[in-house]
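See structure below.
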Amino acid sequence: MKLNYREYGSYHESRSTLVFLHGLLGSSVNWHGIVRALESDYHILVPDLRNHGQSPHSDDVSYQSMATDVAELLDDQGLESATLIGHSMGGKVAMWLALSQPQWIDQLAVVDIAPVSYPNRFSKLFEALQSVDLANLESRQHADQQLARYLTDFGLRQYLLQNLMLDKDRWCWRVNLIELASQMPEIIAFPDIGSTAPFLGETLFIYGGNSDYLAPAYEGQVRELFPYARLRSIAGAGHWVYAEQPQLFLGVLKGFLGDTD
């Protein structure tokens, strides 16, 4: 599968390549503010993961396939390896690529997620999205009004509405809503590691101080699979760490990227 992607900065053999991976129901545009702050020093690729943004849809939502998509993107770019930064679902994609094909990874930064299975927190989001009457939709604001019947958080609604598009005078969702909703058990899980060896490269877990996605109970699994991991909390941030505290997030990420010892 050929992923749609945005490219920032310019490639040079003396520059590191960074690959940013978005979360569930997101797209490459989510990372725009962060990567603009880094593009003068790095070559950066920001793909839409399968079933999201402008990338193709598939009934395969597995992390194995999503990780392979990213590896193929690197290969198509003629790259031997890159540093991966992934948020939430994108963090699971990045972790699985590091565990299954570590040769592609220079450094790994995982944002507010752990290599574990989670409860399904997304039922209400999908119910809200599927409740929007696309056939009779008058405007984006009209869609927001319909979502507001289920979701009170304005910022969350705006995040979701990035997926709404007008195609030949018909409103539709960019994301593969039906497949994502039906296969949530696979998305909230993490692949069975089996005899997979731990990833021995430099790894940073950045998490929101107000988020419970990287709970203390998960640290053992993190250490088992990523023995050289460092964990850094960002005060005043929830799950969307990079959006809620962008400067603090950038400071921590830049420190990690510059630390080659």
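What the table below lists for this structure:
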read-out: Filter result for the condition that a residue is under 20 Å from Pro185 (Cβ atoms) and either exposed (fewer than 14 other Cβ atoms within 10 Å of the Cβ) or of a type in the set (S, T, N, Q) (or both), over Ser88, Ser139, Ser100; value: Ser88
read-out: Check on Gln146, surrounded by 13 or more Cβ atoms within 10 Å (Cβ to Cβ) and assigned by TED's automatic domain parsing to the domain that holds Trp171; value: yes
read-out: Residue check for Ile178: surrounded by 15 or more Cβ atoms within 10 Å (Cβ to Cβ), under 21 Å from the mean Cα position of the chain (by Cα) and of a type in the set (Val, Ile, Thr); value: no
read-out: Trp96 in contact with a Pro (Cβ under 7 Å, 6 or more places away or on another chain) and not charged (D, E, K, R); value: yes
read-out: Qualifying residues in the range 9-25 (those that are at pLDDT below 95 and surrounded by 14 or more Cβ atoms within 10 Å (Cβ to Cβ)) - the one farthest from the chain's Cα centre (by Cα); value: Tyr11
read-out: Filter pass, Ser81 being touching an Asp or Glu at 6+ places or on another chain (Cβ under 8 Å) and under 26 Å from Leu164 (Cα atoms); value: no
read-out: Leu160, sole failed condition from (1) assigned to a loop (DSSP other than H, G, I, E, B); (2) under 22 Å from Asn4 (Cβ atoms); (3) of a type in the set (A, V, I, L, M, F, W, C); value: (1)
read-out: Residue check for Leu45: within 16 Å of Ala109 (Cα to Cα) and either in a strand (DSSP E or B) or in contact with a Pro (Cβ under 6 Å, 6 or more places away or on another chain) (or both); value: yes
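The values are calculated or read from the model by the stated rules, or taken from the named source; none is laboratory data. Since this is a predicted model, take the numbers as computed values, not measurements. Quick reminder, even Gly has a Cβ in these numbers, built from the backbone with ideal geometry, and neighbours come from all protein chains shown.
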